[in-house]
Amino acid sequence: MKFRINTLKFYGFMILLCMPFSEAWARCYKVTQAPSNNPGNSSIHIGEGQSGPWSGACGTCNGNLGLPSVVNLSNGSLVPHGTLLASSIAPFIQYGQPAGYDPERVFTRCAPGEDIYEMYSTNGDNRYSGYGGSPKGDTTGRALGLEAAYDTVWDNILLRLSNVTTGEYITDIWKERLLTDLDVDSRGYRLVKAKNLSTIRADLFSAGSTTYHYYNSNVLTRPMSYSQPNAYIALRGNGLAGPKTGVTHASDITGWHGRWPGAIGLYGQVTLKRYPTCVVLNATPYVLLPTIQRSAIENGETSEAVFQISFKCENAMVSGIANNNTALGIMVSSGAFSAASNLGLVNASAGVSHLVSDNYGAAGMAEGVGIRILRDNTPIILLSTQNSGFIDGTVVPETGWLPVVGNASQLISSDSGMNQYIENFIARLEKLPGSHPVTSGKVRATANVIIRVQ
């Protein structure tokens with residue numbers, strides 16, 4: 001009888017041993033070691049990606065969201081509350097840490113059959129960074145009809161973050177995204193890499209005095225030096241502790257910060273200024289250039305069309321490209337900038353000489369030709385970025401910034417402390433410099449008129 005009892009206990013013991021063995025294999029591991037030829041759970045084989053120690057989402061670990069380096073909010077009535085001041089879209093590999101991430105950077109590896117989730121929320125326990133307490137940090141934004149726009153450390157400024165990949169606003173409540181289509185390593189584990197994490201949109205809005213702010217509105221220049229992220233990207237999976245979906249950030253920061261690969265924020269990236277300035281009222285939406293023969297272009301002939309820009313300025317505005325002056329520029333599309341770089345049309349200051357088609361090189365598009373923009377009959381340099389041309393105390397030449405009021409600007413009205421101007425520009429299609437062959441086809445190019453304080 002004792003033998004039978006012992007036998008039953010023996011098999012029960014074996015069953016208990018088998019269960020944890022299975023669970024130990026079916027899990028996720030944080031990858032912190034360099035690739036090797038004999039990797040453990042926290043490393044990968046050479047050639048399967050980039051790996052090594054990573055610090056996680058610390059207070060100053062955010063990268064660049066792509067917003068302009070300077071955002072201006074005039075203290076006057078030029079910009080109504082709720083106005084969009086700046087907007088950007090950035091991939092995780094850009095904003096996740098100060099120097100960005102290699103797309104192949106591996107954060108975790110998960111066994112087959114294990115789900116791994118990307119988690120995201122605002123910094124909901126911080127009053128200036130997406131606060132979820134009472135009153136909530138989005139109270140001012142909701143009063144303006146701006147959902148999920150939260151108070152920031154700056155008075156009068158709201159920030160709204162959106163997860164472009166899911167189409168959702170980022171709020172103080174944790175949301176999840178199941179990660180799929182992941183690379184698989186030689187041992188069958190799925191790898192969460194920087195390229196797999198979400199793209200983010202950032203929008204800055206003007207507002208009245210906000211409920212929460214640390215920097216007051218009486219300082220004309222205020223860099224973002226408050227070292228708290230506005231939001232986070234975290235990971236959660238079996239064996240990888242992370243926050244729970246649907247709960248407030250303030251009540252769940254599981255895994256912070258060493259298991260959260262991304263901080264989302266403005267620290268060290270944006271300066272807010274409060275100087276009198278100008279705004280664009282209108283620009284000719286479509287500029288139609290007359291058709292011209294390829295042979296004529298090759299012989300030095302051009303095709304031209306006039307377009308108009310109108311803008312309004314506060315009387316106290318200072319026109320120029322020096323520090324705190326208001327400047328105007330015409331910025332090429334990202335596709336046009338990429339093509340211009342390949343064609344040798346970009347100078348050392350990232351200014352662009354010619355506007356080329358957004359999808360230059362595609363079937364049916366003309367090649368070897370570009371559009372020069374003329375102001376007061378003089379060709380100008382075009383912008384590639386909204387960032388200031390006044391850097392480290394020096395005006396950087398040939399970035400594309402020009403004094404907002406030019407010799408050909410026409411003052412058409414002056415009332416209540418505001419001046420309104422119109423100005424005609426010329427778009428001229430011509431052969432590109434150098435030995436680029438001209439081919440027949442269409443030219444479809446886009447550009448934006450930008451006015452900003454330097």
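The values are calculated or read from the model by the stated rules, or taken from the named source; none is laboratory data. Worth saying up front: this structure is predicted, and the values here are computed from it rather than measured. Every residue, glycine among them, receives a Cβ derived from its backbone with ideal geometry; neighbour counts consider all protein chains shown.
Some points to look at:
- Close pairs (7 angstrom Cβ cut-off, 6 or more residues apart or separate chains): in contact (Cβ under 8 Å) with a residue 12 or more places away in the chain in the range 352-366, among the aromatic types (Phe, Trp, Tyr) and outside any loop (DSSP other than H, G, I, E, B) anywhere: Val352/Phe337
- Look at the range 245-261: where a residue is farther than 21 Å from Cys58 by Cβ and a partner is assigned to a loop (DSSP other than H, G, I, E, B) and of a type in the set (D, E, K, R), sitting 6+ places away or on another chain with Cβ atoms under 7 Å, you get Thr248/Asp172.
- For the range 242-319, the strands (runs of 3 or more DSSP E) that sit wholly inside it and include 2 or more residues that are in contact with a Cys (Cβ under 6 Å, 6 or more places away or on another chain) are 303-314.
- Hits in the range 68-84 (condition: of a type outside the set (Gly, Ala, Ser) and either buried (at least 17 other Cβ atoms within 10 Å of the Cβ) or closer than 17 Å to Leu220 by Cα (or both)): Pro68, Val70, Val71, Asn72, Leu73, Asn75, Leu78, Val79
- For the range 423-439, the criterion of being at pLDDT 95 or above and in contact with a Phe, Trp or Tyr (Cβ under 7 Å, 6 or more places away or on another chain) is met by at least one residue.
- Within this structure, Asp115 fails the test of being within 24 Å of the chain's Cα centre (by Cα) and modelled with pLDDT of 95 or more.
- Counting only residues that are β-branched (Val, Ile, Thr) and part of a strand (DSSP E or B), the range 148-183 holds 2 of them.
- All positions within the range 73-93 that are among the aliphatic types (A, V, I, L, M) and outside any strand (DSSP E or B): Leu73, Leu78, Val79, Ile93
- Which listed residue is touching a Phe, Trp or Tyr at 6+ places or on another chain (Cβ under 9 Å) and hydrophobic (A, V, I, L, M, F, W, C), from Ala241, Ala231: Ala231
- Of the strands (runs of 3 or more DSSP E) contained entirely in the range 396-454, those carrying at least 1 residues that are within 35 Å of the chain's Cα centre (by Cα) fall at 418-431, 447-453.
- Within the range 305-332, being aliphatic (A, V, I, L, M) and over 25 Å from the mean Cα position of the chain (by Cα) holds for Ala305, Val306, Ile309, Ala316, Met317, Val318, Ala322.
- Filter result for Gly237 (outside the structural domain of Leu402 (by TED's automatic domain parsing), more than 24 Å from Ile450 (Cα to Cα) and not acidic (Asp, Glu)): yes
- Residues satisfying the stated conditions in the range 31-53, i.e. crowded, with 20+ Cβ neighbours inside 10 Å and either farther than 19 Å from Asn196 by Cα or touching a helix residue (DSSP H, G or I) at 6+ places or on another chain (Cβ under 9 Å) (or both): Pro39
- Options Gly300, Gly329; residue that is buried (at least 21 other Cβ atoms within 10 Å of the Cβ) and not hydrophobic (A, V, I, L, M, F, W, C): Gly329
- Checking each residue in the range 153-195 for being of a type in the set (Asp, Glu) and free of Cβ contacts under 8 Å to residues at least 40 places away in the same chain picks out Glu168, Asp181.
- In the set (1) assigned to a strand (DSSP E or B); (2) under 22 Å from Met317 (Cα atoms); (3) not β-branched (Val, Ile, Thr), the condition left unmet by Leu374 is number (2).
Residue-by-condition table, conditions (1) without any contact (Cβ under 8 Å) to a residue 12 or more places away in the chain; (2) of a type in the set (A, V, I, L, M, F, W, C); (3) not assigned by TED's automatic domain parsing to the domain that holds Asn347:
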position: Ser384; (1), (2), (3): no, no, no
position: Ser388; (1), (2), (3): no, no, no
position: Gly400; (1), (2), (3): no, no, no
position: Val404; (1), (2), (3): no, yes, no
position: Ser435; (1), (2), (3): yes, no, no
position: Thr439; (1), (2), (3): no, no, no
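- Being touching a strand residue (DSSP E or B) at 6+ places or on another chain (Cβ under 7 Å) and surrounded by 20 or more Cβ atoms within 10 Å (Cβ to Cβ) is a property that does not hold for Tyr215.
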